[in-house]
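Below is one structure, written out as structure tokens; the observations come after it.
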């Protein structure tokens, strides 16, 4: 059995802790956070603490904290010969400043406390200084997910940028679409089948081949009509994306 201590009280820490509680191959020894209130939901399942000096012995210490907190928090951990990992997509492994063995356990998913996550489908990207620690992280990852990848720090930074494009930016576009619907008294749910089909389509086609719409056709009449209906901020985004799509496909049409 792998003994785990989780440090953090945000969305990632919450979902990972819940997943590990359900895992018979893992023992969550303790959960740490500066605010006990944020982790009070775990007190019936494991010990909680807001005192780093009270941290117990474990095989892996998982820092599920904000990027800015990784270096400072890890530097306070006197955990020689223990494995300390962070869960960040954009931070290198050497951001960990503890005297411990170092690694990364990055879960490529968007996490909100209000939304349940099927961890079996979550890609987990791991990195460690030694083969022994990599194998330990692979065992941990395999206990909750079907998808584990050995990804180094440079690859992970690129992967995180790609994730921002396909998740954060796309979700913001959903928000703009929702605003346009609300302004015109249209239920946003009408767009949901289109969103689902667009997502499903790129499981069998490359995004390049799946592209449709007025920009790829260079349908200037429709494009100008759309822009006339939008706010200044919406126009700027529409124009930028239209130009990018046209430049991608213009010479290939």
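Values quoted throughout were computed directly from the atomic coordinates according to the rules given, and no laboratory measurement underlies them. This is a predicted model, so every value here is computed, not measured. Note that we place each Cβ from the backbone using ideal geometry, even for glycine, and neighbour counts take in every protein chain shown.
Relative to the longest principal axis of the Cα atoms of the chain, the long axis of helix 192-201 lies at roughly 70 degrees. Scoring 222-228, 59-65, 125-131 by mean Cβ neighbours within 10 Å over their residues and listing the highest first yields 59-65, 125-131, 222-228.
So for the chain, what are the equivalent ellipsoid semi-axes in whole Å, largest first, each being the square root of 5 times an eigenvalue of the Cα gyration tensor? Whole-Å semi-axes of the equivalent ellipsoid: 42, 20, 17.
Dividing the Cα radius of gyration of segment 156-252 by its Kirkwood radius returns 0.97 for Rg/Rh.
Per residue, the average separation of C-alpha pairs within less than 8 Å and at least 6 apart gives segment 2-151 a relative contact order of 19 percent. When both bridge partners sit in the chain, DSSP labels roughly 15% of those beta bridges antiparallel. What separates the Cα centres of segment 70-85 and segment 133-200 is a distance of 30 Å. As a calculated quantity, the FRET efficiency between residue 247 and residue 146 at R0 = 45 Å, using C-beta atoms, amounts to about 0.75. Both the radius of gyration and Dmax for segment 75-116 are 12.7, 37 Å, in that order, over alpha-carbon atoms.
Over segment 2-151, the ratio between the Cα radius of gyration and 2.2 N^0.38 Å evaluates to 0.94. Rounded to the nearest 10 degrees, the angle from helix 232-249 to the longest Cα principal axis of the chain is 90 degrees. Remark: relative contact order (the chain) = 12 percent; criterion is Cα-Cα distance under 8 angstrom and separation of 6 or more residues. Segment 1-64 gives an Rg/Rh value of 0.91, both radii derived from C-alpha positions and Rh following Kirkwood. Note on segment 2-151: antiparallel DSSP beta bridges, both residues inside, total approximately 15 percent of the bridges counted. Working note: 222 nm ellipticity from helices only, DSSP H runs with n ≥ 4, each -39,500 (n - 2.57), summed and divided by the residues of the chain, gives -12000 deg cm²/dmol to the nearest 500.
Helix 170-183 versus the longest principal axis of the chain: what is the Cα-based angle in degrees, 0 to 90, to the nearest 10? Once rounded, one gets 50 degrees. Extension gain, residue 195-residue 160: 0.36 nm per intervening residue step, less the Cα-Cα distance, totals 10.4 nm. For the listed peptides 191-203, 102-114, a ranking on the average number of other beta carbons within 10 Å per residue, highest first, reads 102-114, 191-203.
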